[in-house]
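Colleague: Below: one structure in structure tokens.
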Amino acid sequence: MTSEDQRREKVFKELKSLLTDILKIMREKDISKRPEITWDTDLEKDLGVDSLETLDILNAIEDRFNVDPQIHEANSMRGVREVVDYIIELQDQH
Amino acid sequence: MKRRVVVTGLGVVAPNGVGKDEFAKAIFSGCSGVDSITRFDTSKYSVKIAAEVKNFDPVDYMPIAVMRKTDRFAQLGIAATKLALEDAGIPEKPDILSKAGVIIGSGLGGQNFHEETIIAVLKNNEPRKAAASAVPRIMPNAVSGHIAILYNIKGPNLVISTACSSGAQAIGASYEKIKNDSLDTVITGGVEAPITEVTIAAYQSMMVLTTRNGSPSQASRPFDATRDGFVVGEGAAILVLEELEHAESRGAIIYAEVIGFGSNCGAYHMVSPNPKGEDAALAMNAAMEMAGIQPEDVDYINAHGTSTKWNDLAETNAIKLAFGSSARKVPVSSIKSMIGHTFGAAGAIEAAASCLSLRDGTIPPTTNLLHPDPECDLDYVPNEARSQKLKVVMSNSFGFGSNNAVLIFRRM
């Protein structure tokens, strides 16, 4: 695995933990109801993420990765793979 | 000719039974839904019991993404709606739903999310901790909005919030909308999920809750001299109301006809009922007048019967005022003895119970009535259900703010 791959893997893991936290069901202990997040997950089609949850996810990405994601760019982004790439792009601009 | 309104579907999610038949079986057999609170740590609370809905998994009634975005109160309402629509045979009739109304009662809205959001923000003064999605989770019309979106119901969409009479007010408003307007179908009822830390604490401070923690199923005892307050309950009931010809034309099964509705305000006190019961009596009179019936025509009163001394006495006096010489002849019972007080859902769950009483010819008992209060001297159907031919049932609901709502149902 190249260092670039390792970096993407690290961002993916952090994003996965962030999404699992935001998309959790209140007071639900049954782990089968947690969202399943893979590289190929489509946030809208697979998990039903709507525009408001997108805002919550952007806020969390901003805090967790110390970047400044733009809502107009994020709105067109639905795949986890795309989001990971976007975070890395923002980190590199930083 | 006046348009007539009938009940063609019932969906009940109650602490002692999910689904209309399980619920009917429970209330007619005196089965309690009250137990120790499992939802949060009650170690610092003097009240440790409530009537939680058991054996209920929201995912059986809605997509997981909807479950994630909804407070428990909305989940209970969505589930009851699914049950009611299936019962009415409507899910296969999108043309009916697209023109239907949704009118739901809820006293508190999304209290669980509200408390969670307040803690997140105020704990360290961090406004960014308020989720963008918080508002549509908390707002009371989250429930009616989700119901509309899930079933594509495009008529008037309302939530009525009048504390403990919300469910009955919603059904009454729906009845009037069908009777007087062009609406043929309304999905109506009441929902509440008040078993939260702050809600229980606030009612505990008000000294209106029983602390009979050692014997949960005997804690709610309406009209009993040894009562010490009510039990908080959660739940939902949804009724499908339809214009009679509309229901008949599609061969719907009809539970009952809604024939009367009385709604008023005692303008007396924010939480105490008028002990003489004058305002509640006027609401009962108004409902009977609308129904075109006399007190002796009422076969059974499903009481508000909270199990507080104030309510039980005021309601007893109100029935005496409204019913005169027939007050002692009409059976009166409170299912809050079994399911506690479900606030905004209560009027709707009790309306559903009234329809089931008419269907089955059975009056549910007031359980735990072992030491009759000398000041409450009507026939409260103590402890055992009663089989009786029923034609007309009255359902009383009263709420904080001196709010009164009375519904009357008649067997077809």
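The numbers here are math on the coordinates, done by the rules we state, and not lab data. It should be emphasised that the depicted structure is a prediction, and the values quoted were computed from it without experimental measurement. Here the Cβ positions follow ideal geometry from the backbone for every residue, glycine too, while neighbour counts run over all protein chains shown.
Colleague: Return the single residue from B:Ile64, B:Ile96, B:Ile178 with maximal mean-square fluctuation; model: Gaussian network over chain B, springs between Cα atoms under 10 Å.
Modeller: Comparing B:Ile64, B:Ile96, B:Ile178 in the GNM, the peak value goes to B:Ile64.
Colleague: What is the log10 of I(q)/I(0) for chain A, computed with the Debye formula using one identical point scatterer on each Cα and no solvent, at q = 0.15, 0.21 Å⁻¹?
Modeller: Once normalised to I(0) and log-transformed, intensities are -0.56, -1.09.
Colleague: Report, in listed order, any pair from B:Lys44/B:Lys309; A:Lys13/A:Lys33; B:Lys54/B:Lys123; A:Lys16/B:Lys69; B:Lys329/B:Lys389 with a Cα-Cα distance greater than 22 Å.
Modeller: B:Lys44/B:Lys309; B:Lys54/B:Lys123
Colleague: With chain B treated as a Gaussian network of Cα nodes joined by springs under 10 Å, which of B:Asn157, B:Asn302, B:Asn55 yields the largest mean-square fluctuation?
Modeller: Checking each option, the largest mean-square fluctuation is seen for B:Asn55.
Colleague: With each label point set 7 Å from Cα along the Cα-Cβ vector, what nm distance links B:Met412 and A:Ser17?
Modeller: It is 6.0 nm.
Colleague: Calculate how large, on average over all directions, the projected area of the Cα convex hull of the protein assembly as shown is; give the answer in nm² to one decimal.
Modeller: 25.3
Colleague: Next question. Quick one: what are the phi-derived ³J(HN,Hα) couplings along the range B:290-302, Karplus 6.51/-1.76/1.60 with θ = phi - 60°, whole Hz, x for glycine and proline?
Modeller: 4, 6, x, 10, 9, x, 5, 7, 7, 8, 6, 10, 7
Colleague: Defining a contact as two alpha carbons under 8 Å apart and six or more residues distant in sequence, what relative contact order in percent does the range A:1-75 show?
Modeller: 25
Colleague: Ok, one more. Amide H neighbours of B:Val381 under 5 Å, at least 5 residues apart or on other chains, H built in the peptide plane: list them.
Modeller: Excluding prolines and chain starts, which carry no amide H, the hits are B:Val332.
Colleague: Hey, what do the phi angles of the range B:178-185 turn into as Karplus ³J(HN,Hα) couplings, whole Hz, using 6.51/-1.76/1.60 and θ = phi - 60°, x for Gly and Pro?
Modeller: These are the phi-based 3J(HN,Hα) values: 6, 5, 9, 10, 8, 5, 9, 9 Hz.
Colleague: Follow-up question, since we're still on this one. Considering only DSSP states other than H, G, I, E and B, which GluC sites (Glu not before Pro) in the range B:18-105 qualify as loop sites with at most 11 other Cβ atoms within 10 Å?
Modeller: Counting only loop positions with at most 11 other Cβ atoms within 10 Å, the GluC sites (Glu not before Pro) in the range B:18-105 are B:Glu92.
Colleague: What relative contact order, as a whole-number percentage, does chain B give when Cα pairs under 8 Å and 6 or more residues apart are counted? Write out the running numbers ahead of the final one.
Modeller: Numbers: 1142 pairs, mean separation 96.8, N = 412.
This gives 23 percent for chain B.
Colleague: Right, something else. Over its Cα atoms, what ratio of radius of gyration to 2.2 N^0.38 Å does the range B:5-249 give?
Modeller: Rounded to two decimals, the normalised Rg is 1.05.
Colleague: Take every Cα pair under 8 Å in the range B:293-338 that's 6+ residues apart, average their separations, divide by the length, and report that relative contact order as a whole percent.
Modeller: 56
Colleague: Follow-up. What distance in nm separates the two pseudo spin-label positions at B:Glu289 and B:Ser29, each 7 Å out from Cα along the beta-carbon direction?
Modeller: 4.4
Colleague: Now, a different point. Would you pull out the residues with amide H under 5 Å of B:Thr362's amide H, same chain only if 5 or more places away, H placed 1.01 Å from N?
Modeller: HN-HN under 5 Å from B:Thr362: B:Gln388.
Colleague: Would you mind ranking B:Thr316, B:Thr81, B:Thr38 so that the residue whose beta carbon has the fewest other beta carbons within 10 Å leads the list?
Modeller: Ranking B:Thr316, B:Thr81, B:Thr38 by Cβ neighbours within 10 Å, fewest first, gives B:Thr38, B:Thr316, B:Thr81.
Colleague: Taking Cα centroids, how far is the range B:251-298 from the range B:1-42 in Å?
Modeller: 21
Colleague: How big is the range B:117-189 by the Kirkwood estimate over distinct Cα pairs, in Å?
Modeller: By the Kirkwood definition, the hydrodynamic radius is 14.5 Å.
Colleague: Shifting gears a bit: So which residue, out of B:Ala79, B:Ala348, B:Ala132, gets the largest mean-square fluctuation from a GNM of chain B using Cα contacts under 10 Å as springs?
Modeller: B:Ala132
Colleague: Can I ask one more? Could you quote the convex hull projected area for the range B:258-410, Cα atoms only and averaged over all directions, in nm²?
Modeller: Projected over every direction and averaged, the Cα hull of the range B:258-410 covers 7.6 nm².
Colleague: Also, I was wondering about something else. Given N residues in the range B:28-147, what is Rg(Cα) / (2.2 N^0.38 Å)?
Modeller: Numbers: Rg = 17.3 Å, N = 120, 2.2 N^0.38 = 13.6 Å.
Normalised Cα radius of gyration, the range B:28-147: 1.27.
Colleague: So how far apart, in nm, are the two label points at B:Glu278 and A:Asp50 if each is 7 Å from Cα heading toward Cβ?
Modeller: Distance between label points: 4.8 nm.
Colleague: Let me ask you something else. Rounded to whole Hz and in sequence order, give me ³J(HN,Hα) for the range B:352-364 from the Karplus expression 6.51 cos²θ - 1.76 cosθ + 1.60, θ = phi - 60°, writing x for Gly and Pro.
Modeller: These are the phi-based 3J(HN,Hα) values: 4, 4, 4, 5, 5, 4, 5, 5, 9, x, 9, 9, x Hz.
Colleague: Give me log10 I(q)/I(0) at q = 0.06, 0.11 Å⁻¹ for chain B, Debye formula, one equal scatterer per alpha-carbon, no solvent.
Modeller: Once normalised to I(0) and log-transformed, intensities are -0.21, -0.72.
Colleague: Sticking with this one: If you take the beta carbon distance between B:His269 and B:Glu245 as r and set R0 to 56 Å, what does 1/(1 + (r/R0)^6) give as a FRET efficiency, to the nearest 0.05?
Modeller: 0.80
Colleague: With a 10 Å Cβ neighbour count serving as the proxy for reagent exposure, in which order, fewest first, do B:Phe223, A:Phe12, B:Phe40 appear?
Modeller: Ordered by Cβ neighbours within 10 Å, fewest first: B:Phe40, A:Phe12, B:Phe223.
Colleague: Let me ask something else about it. Considering amide H positions built from the backbone, and no H for Pro or chain starts, which residues 5 or more places from B:Val102, or on another chain, come under 5 Å of its amide H?
Modeller: For B:Val102, whose amide H was placed from the backbone, the distant partners under 5 Å are B:Asn157, B:Leu158, B:Ile187.
Colleague: Check the straight Cα-Cα distances from B:Lys179 and name the lysines below 16 Å, setting aside those fewer than 8 residues away within the same chain.
Modeller: In chain and number order, the partners are B:Lys2, B:Lys99.
Colleague: Taking the Cβ-Cβ separation of B:Gln204 and A:Met1 as r and a Förster radius of 41 Å, what is the calculated FRET efficiency to the nearest 0.05? Display every interim value, and only then the final one.
Modeller: Details: r = 58 Å, r/R0 = 1.40.
It comes out at approximately 0.10.
Colleague: Efficiency by 1/(1 + (r/R0)^6): what FRET value for B:Ile254 and B:Glu384, r their Cβ-Cβ distance, R0 = 51 Å, to the nearest 0.05?
Modeller: 0.95
Colleague: Once fully extended, how much extra length lies between A:Met26 and A:Glu9, figured as 0.36 nm per residue of separation less the alpha-carbon to alpha-carbon distance?
Modeller: 3.3 nm
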